[in-house]
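Q: There's a structure below that I have some questions on.
Only the coordinates and a few stated rules stand behind these numbers; no lab work does. Here the structure is a predicted model, which is why all the values come from computation and not from measurement. So basically every Cβ, Gly included, is an ideal-geometry build from the backbone, and we count neighbours across all protein chains shown.
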Amino acid sequence: MAQPSSISSQDVAHVLESVKDPHTGKSLLDHGHLEGCSLTDGKLSVAFAVPREHAKTLSAICDTATRQLEKLPGVQSASIILTSHRSAGAATQPKTAGHRPLGGTTPADGNAPLLPGVKTIIAVASGKGGVGKSTTATNLAVGLGLEGLKVGLLDADIHGPSLHRMLGATGKPEVVDGKLQPVEAWGIKAVSLGMLVDEKAAMIWRGPMVMGAINQLLTDVAWGNLDVMVVDLPPGTGDAQLSLTQKVPLTGAVIVSTPQDIALIDARRGVTMFEKVRVPVLGLIENMSYFCCPNCGHNTELFGHGGARKEAEAMGVPFLGEVPLLADIRASGDKGVPGIIDAPDSEGAKAWRHIAHNVAKMLQPKL
């Protein structure tokens, strides 16, 4: 990764080597290796790989290193993202597949960071991009807030963070006592990597850096007490999804699809992935279910209709509802006001309220 002339990987490594563990006398660099660093608009981000079992104990030393890094020329603020890898022989998934009971135990990891103030965590996922997953996550989170729940929204779509735009959040979140303060908008708390980086910057990160960023957005944010955290996952079934299921006890997952067969194939993969890691699927949502003409009110099934409902029945998972394809939904996202708030009497908003109500009822035993 290209570095400005005022700083180099060697500069960063020198700082990491200068910071010592008071208990062992070893430097921070002795505990791991520098994977990469970038400096943008005075913000220095450092990816540092350490053994998984040492990650928790090194956090205090990293705080010291961060303060030292901020003394480097051109650096206004710095952050260290700890990344770690499982050993080659470690299992990557449980031995048995299938749904675990709602709110059951997370796959045994032993190093899963705890979120003691968060009662439930649900993931919003899709097998492919372009099906409206982030729009779903935003409106679902706000809808759960309208159900009277305390809600947090985490944008874990590292390569394409967009929730800050959909919520109309501007500016950088504050840091208080080493913890990032989530932005409050439309009755919920939210954090997105898009709040921290330049929108035009391409997030060319490898798997370990992505997983490290997700870990920090989970544990280095002052989420406070929440009834439910909604996590917007990137599309597909890769590192980010597996990392999240290993780190936190997911209460369940919501799969978003459009009606056509080609999208349902990918939705199937999403359901199967969560089954393999024993995360219950709360249900499927059919987005862009039909187009409602604003002039004559006629419904046109541009992508077919009812495919997700039939797929849910075939796979034995709940069908949460269908959301129409409306210009208002697109416009509300662009202007930073969730559709469920912007046009509460629209067919789209009614659909989101219905879905949020269904999900809230499913979560009630854990609240």
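Q: Which of the pairs K310/K361; K172/K335; K119/K179; K247/K350; K150/K366 have their Cα atoms more than 24 Å apart in this structure? Before the final figure, lay out each step's value.
A: Values: K310/K361 22 Å; K172/K335 19 Å; K119/K179 20 Å; K247/K350 34 Å; K150/K366 13 Å.
Flagged as over cut-off: K247/K350.
Q: Here's something else I'd like to know. Could you pull the Cα extents of region 9-83 along its three principal axes, largest to smallest, in whole Å?
A: 34, 20, 19
Q: Residues with beta-carbon under 13 Å from that of L72, excluding L72: net charge, scoring Lys, Arg +1 and Asp, Glu -1?
A: It works out to a net charge of +1.
Q: Using 1/(1 + (r/R0)^6) with R0 = 25 angstrom and r between the beta carbons of E184 and D220, what's the FRET efficiency to the nearest 0.05?
A: Efficiency for this residue pair is about 0.90.
Q: Can you give the local net charge around L226? Use residues other than it whose beta-carbon is closer than 10 angstrom to its beta-carbon, Lys and Arg +1, Asp and Glu -1.
A: Within the 10 Å Cβ shell, the charges total +2.
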